[in-house]
Amino acid sequence: MSLKLRFLLVAAALMLGASLLAWFSFQYMAERIVEQWGRRVAEVQVQYDSARLLQPLEREIALAHQFANSQVLRRWAENPDAPLLRAQAISEMESFRRNFIDRNYFVALRSNGAYYHNNAENDFGDDPLRYYLRESRPADAWFYQLIEEGRDFHLNVNPDVELGITQLWIDVLMRDAEGEILGVVGTGIALENILEQIVDIDQRGITTLFADVNGAIQLYRDPRFIDFASFVKPEGQKRTLDLLFDLPADGERVMERMRRLRDAPLEQPSVITDFVTVDGQRHLAGIAYLASIGWFEITLLDLDEVMPVASFAPALGLLIAFLLVALLLFYWVLHRQLLSPMAALRQAMGALREGRREVHLPRGSGEMGQLIRHFGDMADEVTRHTEALEAKVRERTEELERLARVDVLTGLLNRRGMTLLLEEQTARAARDNLAFGLIWLDLDRFKEINDGAGHAAGDQALCEVARVLEAGLRRYDHAARWGGDEFLVLLTPCEVDELTAIAHRLRREIAEQAHYPGGGVTVSVGACLAQPGEPLGNALQRADEALYRAKESGRDRLVVA
């Protein structure tokens, strides 16, 4: 055997070994990178999906609680046969119906089992009484079990046989002043709408579902897996998460992680990930607990679809073919065309796996260059996808934070938002030795407006006062709905003459411009000039005491502390 042939055989063996080593190294590194990025994508996707569900739900839940606290409905529920109270209650129901997302409501009375409902088309506006609940009927078991357990709030995916609709129901107990249960009220969101807009959003390789604390499936793209009316079903008859997984151990492990998330302290991570097998494919499951509604959000990522490793196989095959053809140029090509770029590419993979988004790729030509470009394309795509998801989560988070500081009814700052401004202004006033003004306004006889003209009129009166305040303040002043029928105005910078003049003008403009269907609105006003270094609580107390004196002196008055 000639030396040339031996050299060629040795070179071929070395090249084959190097090719195999490159293949397995690339496969291992690529799988590790995909797994690491998959976990990051799962965490971002879970937060994004949770925010998309919670944003509309939390508004509906808050409005349903207001619905349950309506004094008009409570009086009628205590005496449902009174015609006048019934007419007032129907008007109140319609007022709330127009504010719910799907423009529908239900009211179920405990005293006689009457079930009232009107839909978005207003088909039952004249006669919303649809049917009577019966304790002996299985379809009505949810109502009696909610009352028996005294659960003030509950989410329930359930078909209403009488109405012929299937919705995600928001159930809230209505109680009287002593806490006795008068009935159940709430609204519903059409199941097909919430599945289309939140669950089945056609993201390739991504499956989103929601389950309750027992693992019963509440929302899933295939309605056949949803456990309708799971609230009243005994254990063992529910459609639970293990129906989705190929291995029973996967279901048990996911349930264990759900329990851990539910019981974990707030400082623990909010998302847990684990691998499960679905329809023969390995999926990465991201799990989060939504404490405000008592559900779990679970996102299943098919990593072969989201970030497929197999797409790099052709590029690697081209590399191996090129190396075999270039056997005679082995030493020169090995160092310049393979080993050096592979080492740099491995470093880039390590940097990408560690989470660094600025990845410096080596230069290369031929098949190695194609491999580097494929990897660069993958890194860019993963980075773009992650940044897009993070941007969506950040946008939803900012919107939720903004909503948390704004009063839904008036559009002004709420108490939380104004408190943050006051704390900042108190620190600035102490630092810059500048005084600032506080004006505390209270609607006169607001309870009489609510009791006499209804809560809709009371809401209009509040909105009118808010409108006058926004129009009458300087661009650098702020107004907030402090709570109930009270408003708080922050004037900065401010002197005592400006404080008195602005407070007088606001009181006068409200009396002249603010109206509701039953008449005009007046306010009692207390004001004070907070001095630099004065504690915020002391300044608020002085303004409150001034307001109290204004109300005691006959209302529609201004008292400056």
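Every number in this text was worked out from the coordinates using simple rules, so none of it is lab data. On a predicted model such as this, the values are computed, not experimentally measured, just so you know. Here the Cβ is made from the backbone with ideal geometry for all residues, glycine too, and neighbour counts use every protein chain on show.
For the range 189-194, backbone phi angles converted through the Karplus equation (6.51, -1.76, 1.60; θ = phi - 60°) give residue-by-residue couplings of 10, 4, 4, 5, 5, 5 Hz, Gly and Pro being listed as x.
Our coupling estimate for the range 555-560, obtained by passing each phi through the Karplus curve with A = 6.51, B = -1.76, C = 1.60 and θ = phi - 60°, is 6, 6, 10, 10, 10, 9 Hz, Gly and Pro reported as x. In order along the range 210-219, the Karplus-derived 3J(HN,Hα) couplings, from 6.51 cos²θ - 1.76 cosθ + 1.60 at θ = phi - 60°, round to 10, 9, 8, 5, 8, x, 6, 6, 9, 9 Hz, and Gly and Pro are given as x. Electrostatic bookkeeping for N119 treats Lys and Arg as +1 and Asp and Glu as -1; over the other residues with beta carbon under 14 Å from its beta carbon, the sum is -4.
Taking amide H as placed 1.01 Å from N in the peptide plane, L182 has its amide H under 5 Å from the amide H of M174, R175, D176, each at least 5 places away in sequence or on another chain. Sorting the segments 539-552, 72-85 by their mean number of nearby beta carbons within 10 angstrom, highest to lowest, gives 539-552, 72-85. When the alpha carbon gyration tensor of the range 475-548 is reduced to an equivalent ellipsoid, the three semi-axes, largest first, read 24, 14, 11 Å.
Net charge around R507, counting only other residues with Cβ within less than 13 Å of its Cβ (Lys, Arg = +1; Asp, Glu = -1)?
Its environment carries a net charge of 0.
Looking at the square roots a ≥ b ≥ c of the eigenvalues of the Cα gyration tensor of the range 415-560, which shape do they give, rounded for a/c under 1.5, prolate if a/b is larger than b/c, or oblate?
Details: a/c = 1.98, a/b = 1.87, b/c = 1.06.
Prolate, because a/c is 1.5 or more and a/b exceeds b/c.
Selection among F231, L261, L303 by position relative to the dipole of the range 200-306 gives F231 as farthest towards the positive end (Cβ unit charges, Cα centre).
Counting DSSP beta bridges in the range 459-561, what percent are antiparallel, to the nearest 5?
On the way: 7 of 10 bridges.
Here the share of antiparallel DSSP bridges comes out near 70 percent.
Expressed as a fraction of 2.2 N^0.38 Å, the value expected for a compact globular protein of N residues, the C-alpha radius of gyration of the range 493-536 is 1.50.
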